[in-house]
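So the structure is just underneath, and the comments pick up after that.
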Amino acid sequence: MASADGVVLMKCHIAQGKDGVSVVKPSPFDLVETYRNFWAREEAAAEQRMKDPAILRVALRSMAAETQRQVPISWQISIYGALRNAEIANRQFLAEQSRRAGSAAKTDALQMFITDVVRANRSITHVQLLDKLRQAQQPGGLIEDIDDELISFVDGKGRGRTARISGLKDRLFRARKKLDRNEKGESR
C-alpha cells in the first residue's frame with residue numbers, strides 16, 4: 001500500500017513484547033507485497049537509466065573495475081546500484097558543465113579586429129599591428145583612442161573598454177593560433 005506522496009505503508013500486527021512493550025510485526029504477506037513493489041520500482045528505474053548510453057557505460061565500467069580488482073562477489077555493487085551511482089555522477093557532471101558554460105572566454109571586438117588584420121597579413125609584427133590600430137582610430141569607431149599605455153575601444157555591446165599596448169604581442173599570438181587551428185580543422 002502506498003500513500004499519496006509515494007511512501008510505502010505496510011499493514012502491521014501489534015504483538016505484546018517481553019517487557020510489556022508493543023512490537024510492530026508486519027505479516028509475511030505484507031512483506032512480500034512491500035518487496036514486490038520495491039523491486040518493481042527499482043526495475044523500472046534501472047530500465048529508464050539504461051536508456052541513456054552514457055549512464056549505462058559508466059555503470060558497466062564501474063562493475064568491471066570491481067571485478068578486475070577482485071572484490072568478492074558479495075561485496076560488489078549490483079547493476080541497480082551501479083546505474084543509480086552513474087546517474088548521480090552524470091547529473092553532477094552536467095550541472096558542473098552547465099555552470100562553466102556561462103563563463104567561457106569570449107573574443108572581444110579588439111581581438112576580432114586583430115584576427116582580421118592577421119588573416120590579411122600573417123607575418124605582421126606587433127609594431128605594425130599598432131600602426132594599423134592607429135590608422136583605424138577614430139572617435140565613435142571601434143578604436144577610439146590610443147595613448148602611450150592603453151588602447152580604448154568599444155566592445156560589441158557599445159561599452160567602452162581598454163587594453164594595454166603591452167598585451168598586443170599576446171593578442172597577436174592568440175590570433176595566429178586561432179587561425180592556425182581553423183586551417184587545420186578545414187584541411188581534414
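Values in this text are rule-based calculations from the coordinates and carry no lab data. Keep in mind that this is a model prediction, so the values were computed, not measured. Heads up, the Cβs are rebuilt from the backbone with ideal geometry, glycines too, and the neighbour counts pull from every protein chain shown.
Before moving on, here are some points about what is shown:
- Cα shape, segment 49-100, gyration tensor, a/c 1.5 rule: prolate
- Each pair of Cα atoms in segment 109-183 enters the Kirkwood radius, and Stokes-Einstein at 4 °C and 1.567 mPa s then converts it into a translational diffusion coefficient of 104 µm²/s.
- Pairwise centroid distance, computed over Cα atoms, of segment 105-123 with segment 144-166, Å: 15 Å
- Proximity of backbone amide H atoms, modeled 1.01 Å from N, is registered between Asp108 and no other residue at under 5 Å, excluding neighbours fewer than 5 places apart on the same chain.
- Rg(Cα) / (2.2 N^0.38 Å) computed for segment 65-169, rounded to two decimals: 2.01
- Sites Arg36 and Gln68, calculated FRET efficiency, Cβ-Cβ separation with R0 45 Å, nearest 0.05: 0.85
- Counted by Cβ distance under 12 Å from Ile124, the other residues give a net charge of +4, where Lys and Arg count +1 and Asp and Glu count -1.
- Long pairs among Lys106/Lys157; Lys157/Lys177; Lys106/Lys184, criterion Cα-Cα beyond 23 Å: Lys157/Lys177
- Label zone of Ile77 (point 7 Å out along Cα→Cβ, amide N under 15 Å): in segment 27-62 this covers 46, 49-50, 54-62.
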